[in-house]
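The values are calculated or read from the model by the stated rules, or taken from the named source; none is laboratory data. Quick caveat: nothing in here was measured; it's all calculated off a predicted structure. Cβ sites come from the backbone with ideal geometry, for glycine too, and all protein chains shown count toward neighbours.
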Amino acid sequence: MEKLVIIGAGQAAVQCINSLIKESYSGAITLVGDEEHLPYQRPPLSKGFLDDTVNKERLYFKKLEFFIENKVQLHLGVRVEGVDLENKNVTLSDNSKLDFDRLVFATGSKVRTLEFPGSELESVHYLRGLDDAESIKTDLNSCKNLVVIGAGYIGLEVAAVAAQKDLNVTVIEMADRVMNRTVDPQISNYYLDLHENNGVSFKFNASVKEIRGDTRPKSVICSDGTEIKADAVIIGAGIIPNTELAGDAGIAINNGILVDEYGQTNHENIYACGDCTNHPNKLLNENLRLESVHNAMEQSKTVASSILNVPIEYSQVPWFWSDQYDHKLQIVGLSGNHDTVTMRGDMSESKFMLFYSKNQELLAVDSINNPKEFLISRKLVEKKVKIDAEMIADPTTDLNKLI
Ligand code: FAD
C-alpha cells in the first residue's frame, strides 16, 4: 500500500486529507504536527476566539474520531526534524522514522520576530497558534493598557477586540497608515476612523526602541522617545514561510517552497501546499506566496488530485477577509499595478467597494460590508472584465450583468 506522509497539521493538511478521503484514496495517510492540538482554524484566534463568541471546541476542523475512522495515523506534538529524499523517510523529534512513497509539506508559516530590549518579557505576545491566543486572551481579560506593534490585519483585529473590552489601546506602526501593504489609502483612512471612534490611539511613522518593565511590561518606548503605558504588548510584524526543512532536504526554495501548478516540488512525488509555498498563477501571470485560508484550501485540493493521479491545475484568483468590530473587509485579486480606483457605494453608510483597474481591466476589488456583491466581484476579477468607472459607481448597475 502506498505510504503518504503529510508534515504540518493545519488548514492545508486537513483539506488535503479531506479531499483524499472523499475520493477513496487507497494509500495509508500519516499526519505529523508539532502542536499538541488536533488541527484547528487560525482565523478566529484574532477574532471570535478572543472575544469569546467562538469557543475552543469550534476551532477544531475534525474530532479525533474522524482520524480514527478514516485510518489517518496521527503524530501530534512531534516535529519532523529531517527528510531523507534518497531513502524516502522522515525523522521525528522523538527519534522515530517514518517511510514514505509520497510526501506533502504543509508546514505553514512562523511569525517574524522583533528584537529590542524588553522584547523577551512576559506578556509580550506574538499570535500564530492556539497557545498564543489563550495567553493573549488571559491578558486582555486582566490588563488595562495594551500596545499593539504593527497595524496589519492581525494587529488591528486584536486591537478591535481589546477596544471592545474597554482596554486603552495604542497601535504603533512604521508606515504612515494602517494596512498600507494591501489597501488603498481611502480604506486605510476609513479603518483609522473606525478604530479611533472606538477609542484606539495610533502612532504612525514610529518604531519601538524598548519595552520597559521587570518581568512584565510597564511601558513601550518609541524611537522618538515617546513613552506609552503598557501592561501587555502584541507584536504583529508579519510572517515567514516554514521552508528550512524542505530546503535542507534539497528541495528548491525561493520565498516559499517552489511548486508547479500541480503542487509538486522539483522532486517527483514530493508536494507542498498552503502558506509555505510559492506557486505560479497563470491567471495573474506571476509567482505568488499567499497567506490565506482560500489558498491553503484550494492548493491542497490540487495536491490531493495530484496524489490521486488525476492532476488538476491550481489556477484561482486569491481572496482574503478581515473582521474588525462589526465590519467585514473582503479583498479579491492583487491591486498592485492599478491606474484607477473607482468607489461603489457609500462610505458614510459603511457599505462600499473599491474597484482597482488598469487600462480599464479589473484587477482587484476591496469590499466593506457587502458580501453579496463581493461574490460577484470575485467572478469579475477572475474574468478580467473591462469596466467603465461611471457604470461601476452607479449603484443601479447590476454587477451580474458584467460577467
Ligand atoms: P498552518 O495553518 O500554519 O499549519 C501549519 C502547521 O504545520 C502548523 O501547526 C505548524 O506548527 C506545523 N509545522 C511546521 N513545521 C513542522 C514540522 N517540521 N513538523 C511538524 N509540524 C510542523 N486567513 C484568511 O484568509 N482570513 C483571515 O481572516 C485570517 N486570519 C488569521 C488570523 C490569525 C491569528 C492567523 C495566525 C492566521 C490567519 N489567516 C487568515 C491565515 C490562515 O490561517 C493561514 O493562511 C492558514 O492557516 C494556512 O494554512 P497552512 O496549513 O498552510 O498553515
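Looking across Leu20, Leu59, one residue alone is within 16 Å of the ligand (Cβ to nearest atom) and more than 22 Å from Gly129 (Cβ to Cβ). It is Leu20. The set of residues in the stretch 289-328 that are within 30 Å of Lys165 (Cβ to Cβ) and within 9 Å of the ligand (Cβ to nearest atom) comprises Glu291, Ser292, Val293, His294, Ala296, Trp319, Phe320, Trp321, Ser322, Asp323.
Just one of the listed residues (Lys328, Lys301) is touching a Ser or Thr at 6+ places or on another chain (Cβ under 9 Å), part of a helix (DSSP H, G or I) and of a type in the set (Lys, Arg), namely Lys301.
Kindly indicate whether Thr113 is touching a strand residue (DSSP E or B) at 6+ places or on another chain (Cβ under 6 Å) and not small (Gly, Ala, Ser). So that I can check it myself, show each step before the final result.
Values: touching a strand residue (DSSP E or B) at 6+ places or on another chain (Cβ under 6 Å): no; not small (Gly, Ala, Ser): yes.
No; evaluated as a whole, the condition is false for this residue.
Would you mention how many residues in the stretch 15-55 are in contact with a His (Cβ under 9 Å, 6 or more places away or on another chain) and surrounded by fewer than 17 Cβ atoms within 10 Å (Cβ to Cβ)? Even if it seems obvious, please write down each step before you answer.
So the first thing to find is which residues in the stretch 15-55 are in contact with a His (Cβ under 9 Å, 6 or more places away or on another chain), and the list is 30-33.
After this cut, where a residue has to be surrounded by fewer than 17 Cβ atoms within 10 Å (Cβ to Cβ) as well, the list is none.
Qualifying residue count, the stretch 15-55: 0.
In the stretch 131-138, the count of residues that are part of a loop (DSSP other than H, G, I, E, B) and touching a residue at least 40 places away in the same chain (Cβ under 8 Å) is zero. Only one of the numbered conditions (1) free of Cβ contacts under 8 Å to residues at least 40 places away in the same chain; (2) within 24 Å of Glu268 (Cβ to Cβ) is not met by Glu65, and that is (2). The residues of the stretch 368-387 that are under 24 Å from Lys282 (Cα atoms) and either touching a Ser or Thr at 6+ places or on another chain (Cβ under 6 Å) or crowded, with 21+ Cβ neighbours inside 10 Å (or both), listed by number, are Phe374, Ser377, Leu380, Val381, Ile387. Looking only at residues in the stretch 152-188 that are under 15 Å from the mean Cα position of the chain (by Cα) and assigned to a loop (DSSP other than H, G, I, E, B), which one is farthest from Glu227 (Cα to Cα)? Here the answer is Thr182. Among the candidates Asn242, Asn266, Asn254, the residue that is more than 23 Å from Lys328 (Cα to Cα) and in contact with a Leu (Cβ under 7 Å, 6 or more places away or on another chain) is uniquely Asn266.
Kindly indicate whether Lys71 is surrounded by fewer than 18 Cβ atoms within 10 Å (Cβ to Cβ), basic (Lys, Arg), modelled with pLDDT of 95 or more and at positive phi. Yes. The residue that is nearest to His37 (Cα to Cα), among those in the stretch 82-101 that are free of Cβ contacts under 8 Å to residues at least 40 places away in the same chain and either surrounded by 14 or more Cβ atoms within 10 Å (Cβ to Cβ) or touching a Gly at 6+ places or on another chain (Cβ under 7 Å) (or both), is Thr91.
This table checks each residue for (1) closer than 22 Å to Ser223 by Cβ; (2) surrounded by 18 or more Cβ atoms within 10 Å (Cβ to Cβ); (3) touching a Gly at 6+ places or on another chain (Cβ under 6 Å).
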| residue | (1), (2), (3) |
| --- | --- |
| Thr113 | yes, no, no |
| Phe116 | yes, no, no |
| Tyr126 | yes, yes, no |
| Asp131 | no, no, no |
| Asp139 | no, yes, no |
| Ser142 | no, no, no |
| Gly152 | yes, yes, yes |
| Ala159 | yes, yes, no |
| Leu167 | no, yes, no |
